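The values are calculated or read from the model by the stated rules, or taken from the named source; none is laboratory data. Owing to the predicted nature of the structure, the values given are computational and were not obtained by experimental measurement. Note that we place each Cβ from the backbone using ideal geometry, even for glycine, and neighbour counts take in every protein chain shown.
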Amino acid sequence: MILAIILVIVSALLLDYLAKRRRYNLTKTIPGPPIFPFVGSLLFLTQRNIHDAVNNIIHYTTLYGPLVRVWGANQLMVVSINPKDLEIIMSSPKFITKGTMYNLMKAWLGDGLLLSSGHKWHQRRKIITPTFHFKILEQFVEVFDQQSKVLVDELRIHASGRSFDIHPYITAAALDVIAETAMSTKLQAQSNPNSEYVRAVADITEILITRMANIFFKFDIIFKLFAPDLLKRQEKAGKILHNFTEKIIQQRRQSLLEQNGNIHMKEAEDDIGLKRRTTFLDLLLESTIDGRPLTGVEIREEVDTFMFEGHDTTTAGIAFTLYCISRHADVQEKIFAEIRQICGDDKDEPVNLRKLQEMKYLELVIKESLRLFPPVPMIERSTVEDTNLYGRTIPTGTDIIIPIFVVSKNPDAFPEPEVFRPERHALENLEDKEPCPFAYIPFSAGPRNCIGQKFAMLELKSTVSKILRYYELLPLGEEPQVEMNIIMRSKNGVQLGLKPRIY
């Protein structure tokens, strides 16, 4: 009996060694925490929640340098914060495959643009790129302005000089924007924050965060056995989200057929003779792959992806930008002067694309806020072939972790990195330093960069400028307790105060 046990242990150790041998030999010159059979470096990670995960990354990049090797059981991970390494990884079309962390999101997003890879990703990217054409973005600006007006009306109850958490209000506004631009439907999340869809989005996001933070919950079998209640919540929320999207797709398809006799509707007009606004869903309905229209599932995957990426990331960007402005009175004064010069004193006058493009200083402020509080704090790539990083080989199948929240505070690229200094992004200052372009990657970089970054920047400008036209932001409330989840968040919200503008 004892001999049998010994044989089983020895065999298991041998199999574990053989499974890791090549990858271990290739990466043994890369520093990192000690490795043990079966568990790898897990004994040293002490990762119980997302806060621990962040601390691990900061600790090990400080201890071992800009390139760190970590074994999570049988999965090899490499953390890189060197912009030169990132340029090789992110600029190459060979490395567009997302890391294993993203697999958890497939229950909601399927194989949409965020998660797909290879030929499928190239097809989807080609189809979706026209959505962000100048002419279509110009139409979306109208939605940004209209929903921003609803937002400032909703915020009026807090214009008393007391601190409050602005994050929930921005979330609702961003959901309304993305629902109207993506699906041509008015979600009315700002007036009805308890709607089933809004609650399902919050629920599934919270569960995904929990699973990503807990190393063991990444495995489906462990998650099913030890977190059955969370699994039920995840499945329920996913069903609500999919049913809602499918219903909207069906209604929109039928509406277009009834009004125009076919799906192609670029020149269609509404009931009062005005040209209908083209939405993301409309473009998907008229798109084809290899001569065939997209299936219902393919359209749903892309709409769900657009809904997720288009509301959570912009919410973080807007909320933390407002926080930074509230804490820097001189910056706020300069922004307001610029807005007033461009938009005049009529607070209700809508902004258009041209006016948003003229807000140059506000753009610098947003860029600096995104540097300090990147909405997507961390991304992953998976190597599909052996990769050479300046003499060090990263084996096939390695998850490369890119902690943007660390990269963006590189003192070589950004002197005094903790200081809020919008002017550092001005062209005349950038020309003096010529920093590596991969030192600043709030929208990722390379062929897999954020396809909606122009959309996001215009929405940020529109929302922030609208709020500043109505209110002065006050430095009230607690400092944010930042958490690096799927999206940058704060445990205690994003707190500030509001005071009505008089001019």
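Only one entry of A413, A445 meets the criterion of being small (G, A, S), modelled with pLDDT under 95, touching a helix residue (DSSP H, G or I) at 6+ places or on another chain (Cβ under 9 Å) and closer than 30 Å to I136 by Cβ, and that entry is A445. Summed over segment 92-103, the residues that are of a type outside the set (A, V, I, L, M) and assigned to a loop (DSSP other than H, G, I, E, B) give a count of 6.
From the list V141, V150, the lone residue that is closer than 19 Å to T313 by Cα, modelled with pLDDT of 90 or more and of a type in the set (A, V, I, L, M) is V141. Of the helices (runs of 4 or more DSSP H) lying entirely inside segment 349-460, those carrying at least 1 residues that are aromatic (F, W, Y) are 360-372, 404-407. Please determine whether any residue of segment 75-83 is touching a helix residue (DSSP H, G or I) at 6+ places or on another chain (Cβ under 8 Å) and assigned to a loop (DSSP other than H, G, I, E, B). Scanning segment 75-83 turns up at least one residue that is touching a helix residue (DSSP H, G or I) at 6+ places or on another chain (Cβ under 8 Å) and assigned to a loop (DSSP other than H, G, I, E, B). When each of L151, L67, L76 is tested for being in the same structural domain as I178 (by TED's automatic domain parsing), crowded, with 20+ Cβ neighbours inside 10 Å and closer than 29 Å to E483 by Cα, the lone residue that passes is L151.
Restricting attention to segment 104-131, the residues that are closer than 28 Å to F216 by Cα, touching a residue at least 24 places away in the same chain (Cβ under 8 Å) and in a helix (DSSP H, G or I) add up to 5.
Annotation: of all residues in segment 200-249 being among the small types (G, A, S) and part of a helix (DSSP H, G or I), the one that is surrounded by the most Cβ atoms within 10 Å (Cβ to Cβ) is A237.
Working only within segment 175-188, note down all residues that are of a type in the set (A, V, I, L, M, F, W, C) and modelled with pLDDT under 95.
L175, I178, A179, A182, M183, L187, listed by residue number.
Taking the criterion of being among the charged types (D, E, K, R), buried (at least 23 other Cβ atoms within 10 Å of the Cβ) and farther than 24 Å from K360 by Cα, the only residue of segment 457-503 that qualifies is R489. No other residue among L115, L137 is buried (at least 17 other Cβ atoms within 10 Å of the Cβ), in the same structural domain as I204 (by TED's automatic domain parsing) and closer than 19 Å to Q234 by Cα apart from L115. Do we find that T315 is closer than 27 Å to I58 by Cα, of a type in the set (S, T, N, Q) and assigned by TED's automatic domain parsing to the domain that holds R252 in this structure? Here the answer is yes, as T315 does meet what is asked. Taking each residue of segment 339-355 that is touching a residue at least 24 places away in the same chain (Cβ under 8 Å) and looking for partners that are surrounded by 11 or more Cβ atoms within 10 Å (Cβ to Cβ) and outside any helix (DSSP H, G or I) with beta-carbon atoms closer than 8 Å, six or more apart or interchain, yields I339/M359; C343/E349; C343/V351; K347/R501.
Among all positions in segment 297-309, there is no residue which is closer than 30 Å to P415 by Cα, surrounded by fewer than 23 Cβ atoms within 10 Å (Cβ to Cβ) and either outside the structural domain of P130 (by TED's automatic domain parsing) or in contact with a Lys or Arg (Cβ under 9 Å, 6 or more places away or on another chain) (or both). Among the residues of segment 146-176, those that are in a loop (DSSP other than H, G, I, E, B) and either over 22 Å from G310 (Cα atoms) or not aliphatic (A, V, I, L, M) (or both) comprise A159, S160, G161, R162, S163. Checked against the criterion of being surrounded by fewer than 18 Cβ atoms within 10 Å (Cβ to Cβ) and at pLDDT 90 or above, the candidates P37, P31, P83, P93 yield just one match: P31.
On inspection, E142 passes the criterion of being in a helix (DSSP H, G or I) and closer than 23 Å to L356 by Cα. Taken over segment 177-199, the criterion of being in contact with a Leu (Cβ under 9 Å, 6 or more places away or on another chain), aliphatic (A, V, I, L, M) and in a helix (DSSP H, G or I) is satisfied by I178, A179, A182, M183, V198. All but one of (1) over 28 Å from L175 (Cα atoms); (2) buried (at least 23 other Cβ atoms within 10 Å of the Cβ); (3) of a type in the set (V, I, T) hold for T393; state the number of the condition that does not hold. All conditions are met except number (2).
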